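A quick write-up on the structure given underneath.
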Amino acid sequence: MFDPIHLEDSDVELVVQDIVNHHGFDFRSYSRESLKRRITRLIHMDKFSSFRAFRQRVSNDAVYFKHFVEQITVNVTEMFRDPSFYKTIREQILPILATAPSIRIWHAGCSTGEEVYSLAILLHEANLLHKSILFASDINTSVVRKVRAGIYPLHNMQHYSENYSLSGGIGNFSSYYTVKDDYVKFDEGLAKKILLSTHNLVSDSSFGKFHLIFCRNVMIYFDKDLQERALHRFDESLEPSGFIALGSKETIKFSTVKSRFKQWDNHEKIWQKISGH
């Protein structure tokens with residue numbers, strides 16, 4: 001039986017600096033409280049006898065470091081999360097994007113991809129998927145592979161189906177996937193419109209210009225400096241009059257880019273870039 005290991009703030013700083021020195025990954029702008037919680041959980045989950053043993057393993061074992069990144073960066077997600085948000089995208093944003101000859105969308109921090117497939121379904125039902133490309137990126141290579149596979153637990157589908165209906169879904173949700181044992185696989189017609197990449201919002205550049213950027217429930221794990229840097233990257237990556245969609249607890253109201261945007265809906269975290277900026 002292992003005694004609980006209590007982390008000090010200085011311990012988190014040591015791990016963060018070790019990672020920069022040994023692996024070149026920069027977590028220095030991530031929320032310290034979030035990092036402390038996730039590192040503490042990982043130490044207990046993997047049954048380390050001491051913080052020193054954990055620190056040495058993260059620094060010197062490349063395989064374990066990959067596991068560390070997967071555990072530290074994973075985010076909770078679901079299909080059609082916050083159905084009223086997706087209803088707004090369906091009814092108000094997609095009709096505007098429909099006027100473009102082609103539609104480019106970036107899901108930054110896509111996690112395991114449930115929201116990417118959600119938007120692909122919305123685009124299909126709006127008859128826009130054929131002229132759309134969804135770029136999906138995440139720092140976590142493990143979750144990017146899950147998006148590519150498009151395979152999810154069957155037991156989640158009832159809840160996802162309810163979300164789909166509440167978001168204004170016009171079809172039969174189960175028609176978008178096939179069931180195999182305890183899992184489902186989403187239709188290849190959706191998957192082929194999704195381009196995937198491992199991407200670090202801290203250090204990597206954008207993929208180009210987009211009409212819509214999703215980055216939902218990602219920046220809550222960033223400190224203010226990294227939030228600011230990410231928002232500037234999104235601003236630079238948006239087409240004139242393009243849209244950015246954030247999570248329910250995220251905002252651009254306190255960012256230096258706020259003057260370049262107007263909030264589209266008072267109830268949803270969707271902003272439109274002001275034309276000419």
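The values are calculated or read from the model by the stated rules, or taken from the named source; none is laboratory data. What you see is a predicted model, and the numbers here were worked out from it, not measured in a lab. Here Cβ is always computed from backbone atoms with ideal geometry, including for glycine, and neighbour counts include all displayed protein chains.
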Against the conditions (1) assigned to a helix (DSSP H, G or I); (2) buried (at least 17 other Cβ atoms within 10 Å of the Cβ), where does THR112 fall short? Just the number, please.
(1)
Being assigned to a loop (DSSP other than H, G, I, E, B), buried (at least 17 other Cβ atoms within 10 Å of the Cβ) and not assigned by TED's automatic domain parsing to the domain that holds VAL218: is that true of PHE54 here?
no
State yes or no: is TYR30 hydroxyl-bearing (Ser, Thr, Tyr), more than 30 Å from GLU228 (Cβ to Cβ), surrounded by 13 or more Cβ atoms within 10 Å (Cβ to Cβ) and not assigned by TED's automatic domain parsing to the domain that holds LYS224?
no
For segment 150-158, state whether one or more residues are surrounded by 13 or more Cβ atoms within 10 Å (Cβ to Cβ) and more than 21 Å from the chain's Cα centre (by Cα).
yes
Helices (runs of 4 or more DSSP H) within segment 120-202 that include 1 or more residues among the basic types (Lys, Arg)
141-149
Segment 50-71, residues that are closer than 21 Å to ARG145 by Cβ, β-branched (Val, Ile, Thr) and at pLDDT 90 or above:
VAL63
Could you count how many residues in segment 12-58 are among the charged types (D, E, K, R), under 25 Å from the mean Cα position of the chain (by Cα) and over 17 Å from ASP223 (Cα atoms)?
1
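To keep it simple, each residue is scored yes or no on (1) without any contact (Cβ under 8 Å) to a residue 40 or more places away in the chain; (2) of a type outside the set (Gly, Ala, Ser); (3) touching a Pro at 6+ places or on another chain (Cβ under 9 Å).
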residue	(1), (2), (3)
ARG90	no, yes, no
ALA126	yes, no, yes
LEU134	no, yes, no
SER137	no, no, no
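Just one of SER84, SER49 is in contact (Cβ under 8 Å) with a residue 12 or more places away in the chain and assigned to a helix (DSSP H, G or I); which is it? Walk me through it before giving the result.
On the way: SER49 fails: assigned to a helix (DSSP H, G or I).
Going through SER84, SER49 in turn, just one is in contact (Cβ under 8 Å) with a residue 12 or more places away in the chain and assigned to a helix (DSSP H, G or I): SER84.
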Have a look at LYS87, LYS36, LYS47 and point out the one that is at pLDDT 85 or above, of a type in the set (Lys, Arg) and out of contact with any Leu (no Cβ under 9 Å at 6 or more places or on another chain).
LYS47
May I ask you to list pairs of residues, at least six apart or on different chains, whose Cβ atoms are under 8 Å apart, with the first in segment 241-269 being closer than 21 Å to ILE105 by Cβ and in contact (Cβ under 8 Å) with a residue 24 or more places away in the chain and the second being surrounded by fewer than 17 Cβ atoms within 10 Å (Cβ to Cβ) and among the hydroxyl-bearing types (Ser, Thr, Tyr)?
SER241/SER275; GLU268/SER84; LYS269/SER248; LYS269/THR251
